[in-house]
1. Tell me, how many Å apart are the Cα centres for the range 269-300 and for the range 159-182?
2. Have a look at the DSSP beta bridges in the chain and tell me what percent are antiparallel, nearest 5.
3. If you wrap a convex hull around the C-alpha atoms of the range 148-213 and split its volume per residue, what is the figure in Å³?
4. Can you pull out the GluC sites (Glu not before Pro) in the range 332-417 that DSSP calls coil and that have at most 13 other Cβ atoms within 10 Å?
5. What GluC sites (Glu not before Pro) in the range 222-315 are in a loop by DSSP, with at most 14 other Cβ atoms within 10 Å of the Cβ?
6. Assuming a strict under-27 Å limit between Cα atoms, what lysine pair count do you get for the chain once near-sequence pairs (fewer than 8 apart, same chain) are dropped?
7. For the range 17-416, taking Cα atoms only, what is the radius of gyration to one decimal and the Dmax to the nearest whole Å?
8. By the scheme Lys and Arg +1, Asp and Glu -1, what is the net charge of all other residues having a beta-carbon under 11 Å from that of Gly316?
Amino acid sequence: MIEVELGDDHADITRHDTFVAGVPYATFDRLRREDPVSWWDEEDGRGFWSLTRYGEVIAASRQPEIFSSARGIRLEDMDEEETAARRTLMEMDPPAHTRYRRLVSRAFTRKSVLAYEEAIRALARRILDEVHGTPRLDFTDLVARQLPMRMLGRLLGLPEEDSDWLVKRGDALIANSDPDFTDYVVDKVDTSAYRLLPFRSPVAVELMGYGREAFEARRRHPGDDLLSALLAPMPDGERLTDAELANFFTLLVAAGNDTTRYTMAASMKALVERPAVREALAVEPGRLEVAVEEMLRWASVTMHFRRTATRDTELGGKEVHAGDKVVLWFVAANYDPEQFDQPYHFDPDRRPNDHVTFGLKSPHLCLGSHLARMELRVLMEELLPRIASVAPAGAPERLRSNFIAGIKRLPLEIEWK
Ligand code: HEM
């Protein structure tokens, strides 16, 4: 079995810097064994509970009435004004969440997404044609970064030449702790002037403005795209308000962009390290549907989401008080040996594989999960048969974030077929 770097077993998981060296799996393993519901003080926050076992992560996910999303889903402490201004469906609980989600979910069902398979394939082929023959490349930048955003642009009916502009804006939001992606690094510069904006970033203004114009254009000329679908009323006449539409647009650009990209990068890295698996999947693409689930588990790109306890409760033998922040470490649950046999073994045929990468059992189960799965599968179907051999061409570089596990540079040397 291939040795996986498990990192420091006493890493400070509250710090973004920690994750530049890689996910400290050894720390999560130790916590899961010794203190699966552990308290962490924060330098710039009020502290939080860390859930590292599969069982507690699922238990908290399925009880939104006790573990609420309405007071924030990331570690950042927000006051009521900030929370209200920045609210999307992610920061809502049932029943308000259910109503909002019903309005947007029809565009993301498995069936709706199947209709995009050919478009995704054509786009994947074009992206691969552009790099085919290039002996050394940064896989994240030239392949993984291209497909999800260009595809999202296509779904939203936006001009392809805007994709790069949108990707950069999305990155500045999600990667707001990495100076490579934003000038407004949350824990380094004073971002209080932007506290009412999504991700505390002025870049959100640009995205919301772009979104408003795009919706305006669809109102004048409705098309066969997701934005037009979002404008259409439900059978009972309900519609999203303009503010809801703008916030949702920003959320899509932020959520649908780097998550799939970094899953592709982590999956490729796993396959580069396992040539036999890569070669087998290249000639047996029928195994990819199952293998994609292992790629999603392996990558665990959104390492955590947060909840807030609505009342005093007991969890894993600890007394959690009303108002406490509770962090669900999906990346730890996905490597829990009680749930996944030999979790550090990349098994493309793993079944069952009930990973929590998309927020299993939560009402917030990722809306883009079918799209992300399909993009990953189609990319691998198109990419793997083109590769004769592939090796690292330098050390990968990782995002400075304890929220997103991102390989932001993956230099590879490829011999193309
Ligand atoms: C591998 C890629 C992806 C991963 C790992 C991922 C992960 C997640 C997770 C864990 C959640 C639940 C958050 C919570 O419980 O608070 C979520 C929600 C969401 N995701 Fe994804 N996501 C991915 C791709 C996408 C894509 C491609 C889109 C859009 C095109 C998207 C849109 C959303 C939206 C809108 C929500 C909010 C759903 C709700 O609150 O009801 N995601 N995602």
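Bear in mind these aren't lab numbers, they're just calculated from the coordinates by the rules spelled out. For clarity, every value in this text was computed on a predicted model and none was experimentally measured. Quick reminder, even Gly has a Cβ in these numbers, built from the backbone with ideal geometry, and neighbours come from all protein chains shown.
1. The two parts, judged by their Cα centres, are 28 Å apart.
2. Working: 25 of 29 bridges.
Antiparallel bridges make up about 85 percent of those DSSP assigns within the chain.
3. On the way: hull volume 5.4 nm³, N = 66.
About 81 Å³ per residue, rounded to a whole number.
4. Numbers: sites: Glu338, Glu375, Glu381, Glu382, Glu397, Glu413, Glu415; in loops: Glu338.
Passing sites in the range 332-417 are Glu338.
5. Details: sites: Glu238, Glu244, Glu273, Glu279, Glu289, Glu293, Glu294, Glu314; in loops: Glu238, Glu273.
Passing sites in the range 222-315 are Glu238.
6. 11
7. 20.6, 60
8. On the way: positive: Arg32, Arg53, Lys318; negative: Asp35, Glu56, Glu314, Glu319.
Combined, the nearby Lys, Arg, Asp and Glu give -1.
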